[in-house]
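Enquirer: Okay, handing you the structure first.
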Amino acid sequence: MLRNLHIASFKCFQRLDLELRPLTLLSGVNGGGKSTVIQSLVLLSQTISEREWGRTLLLEGPELALGSAADVLNQNARDRFSFGAATSAERLQWSFKAADRRALSVELESVQRDGQDVPLTDPVRWLLPAAQAEASSVVSTLRRLSWITAERTGPRELLPLRDEHGHQHVGARGELAAGLLHWRKDDPVRPVLCIADRPPTLLHQLKARMQEFFPGCDLRVVPIDGASAVSLQLKSDHRSDFQRPQNVGFGLTQLFPILVGVLAANDGDLLVIENPEVHLHPKAQQDIGMLLAKVAASGVQVIVETHADHVLNGVRLAAKTQAISHADVAVHFFGNSDGTFAPTSPKLDADGRLDSWPEGFFDQFDQALSQLL
């Protein structure tokens, strides 16, 4: 599990050191830096996956494309930025140099491990000397990162079907979730996340979870003959027939990849989820917050970006009911009121209460109510 993230001279941050816990909530104003936090992790993970051997950080990749070095360097930086991450076992910090600000990748300049310089002898694997890469707990966690962006694939008649190894994750836009379900429908779900009266396999547990959010709904994944594709068919009521996704509520297709991702995750995985509340009713937003807290308590690290106070309240309820320890939750609010992009981090107690409520932190309802009254 990652315990800390370091960013320097990257996009809006001159410097940021952010505490991470089993469940970390990122909230705040638009343009406050939440996405930049996520992008730093995804860039490292994407590079480790796409360029196993090499000395460059991939800025323009298949899942995250940020452009050139000039697009990501902080306005006060000349040609360098750095990322760092720590587990309980080690702390790594990578420094990158942009020899050409137009380049779509940047060179690895140096690495520090626990504050000591690491000689970058060839070969370099996963941005570390190959002899150290396999034993790195930070690298191991980044290799197990799964990112679900806010721009999830909407209703589609056909979704891609790759070979089984091509569906290790649900895909950044959730486009691989149906294919993952096709291959792994009979895989066991970890007992702590199972609904008791249903078989403990991925397909049955997924249906049960979907029905908690959308009573009466059902789903099936049908492979298409002669094509590397599957069809996700849904119904929103037990009395109706299966339909194309375009003909059911948008919320079903937006929640589907998130539920597949959390139920298929294994101990030690890292899930990064943006805006799980999209197209969901407030009660469902609260429920997804509670579920993500239970997932984090089960051994899967979860980082969530959200604009919904209902998601936050779901996490608070999970702490109060002891579905997750309050000590395992970090809440960071990015306000950017003074231009520093430094977050405020309210503390959650065992009753689900926060010790502070910064201006702009899910307080718009109260502000509007005061004007109405």
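The values are calculated or read from the model by the stated rules, or taken from the named source; none is laboratory data. None of these values were measured; they are calculated from a predicted model. No Cβ is skipped: glycine too gets one built from the backbone with ideal geometry, and neighbour counts run over all protein chains shown. Note: accessible area is taken over every heavy atom of the protein model, side chains too, but ligands, DNA and RNA are not part of it. Shrake-Rupley method; radii C 1.70, N 1.55, O 1.52, S 1.80 Å.
Enquirer: At 0.36 nm per residue, minus the direct Cα-Cα distance, what do A130 and V192 gain on full extension? Give it in nm, one decimal, please.
Expert: Between A130 and V192, full extension yields an extra 18.7 nm.
Enquirer: L120 label point, 7 Å along Cα→Cβ, cut-off 20 Å on backbone N: hits in segment 1-36?
Expert: 6-11
Enquirer: Also, I was wondering about something else. Please give the peptides 266-277, 155-166, 229-240 ranked by average Cβ packing (other Cβ atoms within 10 Å per residue), highest first, as a rough proxy for protection.
Expert: So the peptides 266-277, 155-166, 229-240, ranked by packing, come out 266-277, 229-240, 155-166.
Enquirer: So for the chain, averaging the separation of alpha carbon pairs under 8 Å that are six or more residues apart and normalising by length, what relative contact order in percent results?
Expert: Averaging sequence separation for qualifying contacts and normalising by length gives 18 percent for the chain.
Enquirer: Using 7 Å Cα-to-Cβ label points, what is the R113/L317 separation (nm, one decimal)?
Expert: Distance between the two pseudo-spin positions: 4.6 nm.
Enquirer: Sticking with this structure for a sec: If we sort 131-144, 182-195, 314-327 on the protection proxy, mean other Cβ atoms within 10 Å, highest first, what's the order?
Expert: So the peptides 131-144, 182-195, 314-327, ranked by packing, come out 314-327, 131-144, 182-195.
Enquirer: A further question follows. On average, how much accessible surface per residue is there in the chain, in Å², for a 1.4 Å probe, leaving out ligands, DNA and RNA?
Expert: 45 Å²
Enquirer: Taking the Cα centre of segment 1-147 as origin and charging only Cβ (+1 Lys, Arg; -1 Asp, Glu), how large is the dipole, in debye to the nearest 20?
Expert: So the magnitude is around 300 debye.
Enquirer: Full-extension gain between D71 and H165, please, as 0.36 nm times their residue separation minus the C-alpha to C-alpha distance.
Expert: Going from the current span to full extension adds 30.5 nm.
Enquirer: Which one, A308, A99, A85, has the greatest fluctuation when you compute a Gaussian network model over the chain with C-alpha springs under 10 angstrom?
Expert: Checking each option, the largest mean-square fluctuation is seen for A99.
Enquirer: Using a 1.4 Å probe on the protein chains only, how many percent of the accessible area of the chain belongs to carbon and sulfur?
Expert: Heavy-atom surface of the chain belonging to carbon and sulfur, 1.4 Å probe: 47 percent.
Enquirer: Under 16 Å Cα-Cα from K11, which lysines qualify once same-chain neighbours fewer than 8 residues away are excluded?
Expert: Within the straight-line cut-off, K11 pairs with K34, K97.
Enquirer: Here is a further query. Using Cα pairs under 8 angstrom and six or more residues apart, how large is the relative contact order of segment 173-237, in percent?
Expert: Rounded, it is 26 percent for segment 173-237.
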